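The values are calculated or read from the model by the stated rules, or taken from the named source; none is laboratory data. Worth saying up front: this structure is predicted, and the values here are computed from it rather than measured. No Cβ is skipped: glycine too gets one built from the backbone with ideal geometry, and neighbour counts run over all protein chains shown.
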Amino acid sequence: MHPSPLRGERLTSWLRRTAMEYGLDLYELIRQGLDLQQKPYGFSDWRPPEYFITALSVKTGVEPEIIRRTTYTGALPFLFSGTVKPKSVLLPPSDRPLRDLLEWLPWLRNERQTQLMACRACLANYPKAGIFLSWRLTLVLSCPEHRLMLEPARVTAESVYWLGEAAEGAPDLVHMLDSRICQALTEGYVELPGGKVQAGDWFRLMQTIQEELSRRLYGSWNDSSLILKVWSDSDRCSMAGYGSKSFERISPHRKRSMLIATAMDLIERGSITPVGVDAKLFRSAPGNVSWLSQNQLAKTF
Ligand SMILES: [Zn+2]
């Protein structure tokens, strides 16, 4: 009677599916199933109290560590601890302090009431299907499993209503970035061409690239031309498949993800040679190939 949490599933989604097995709603499950008279203060996918996780673990037999990973503080602890060291990828290391990772919290979508971004294929058999942590990250644009862009949907306990007409396929670069972000969320690490990095370092690398691309350039001609190349290639990639839509109409989230993904892809294909200390993580060892070719996605933009 106890479904296990799916990989990357949110706590509230897992509990909703568990409650459904008993013919209860989420809060009836907490009151009756967990012997808690009221839902714990601050109960959500963020940081449920430890006594709640313990009670849940005892009743379901699921390890507390697995339950913690169904929350944002459990899956992305570095967002809340600020312990990740500064990086440099595209540009030489700078004395200028990077913004604190806590400022990344706005990178989580503000989900209003029942509306969220979701994958149409993942929710095909809703309400049995799960809702995933990654869908709330503004950096994540698609579902790596189904290669579909996330879409706005209204989700209640029983039903899902799609606000768009059809799912859009995910461009290769978006798929590459989202596969890595979702690996960081579910596995706690990401495999890059130059080696494996911990999830916290991975998020810091993405943040670093974004900041380096936004920095005012006073450096060498090489630095400036490299940054301009990433911007112009990214513009071209973002426009692909958009027909007559102007670049201005593409969402800021999509532009940002495309910029970060383009920078990584250019380094991996050897089209740019940045001097940042951590750029080596995106360079393949001799004999290796870039992520896109490795995944047989020869069609780039
Ligand atoms: Zn999906």
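Scan segment 183-241 for residues that are surrounded by 15 or more Cβ atoms within 10 Å (Cβ to Cβ), part of a helix (DSSP H, G or I), aliphatic (A, V, I, L, M) and at pLDDT 90 or above and jot them down.
Ala184, Leu185, Ala199, Leu205, Met206, Ile209, Leu213, Leu226, Ile227, Val230, listed by residue number.
Might you let me know whether segment 112-124 holds any residue that is assigned to a loop (DSSP other than H, G, I, E, B), at pLDDT 95 or above and among the charged types (D, E, K, R)?
Checking segment 112-124: at least one residue is assigned to a loop (DSSP other than H, G, I, E, B), at pLDDT 95 or above and among the charged types (D, E, K, R).
Residue under question is Pro127, and the condition is that it be in contact with a Leu (Cβ under 6 Å, 6 or more places away or on another chain) and more than 9 Å from the ligand (Cβ to nearest atom); does it hold?
In short, no.
Just for segment 159-181: of the residues that are part of a loop (DSSP other than H, G, I, E, B) and in contact with a Gly (Cβ under 9 Å, 6 or more places away or on another chain), which one is farthest from the ligand (Cβ to nearest atom)?
Ranking the candidates gives Pro171 first.
With Thr156, Thr138, Thr186 as the choices, which residue is of a type in the set (S, T, N, Q), over 16 Å from Ala263 (Cβ atoms) and within 16 Å of the ligand (Cβ to nearest atom)?
Thr186
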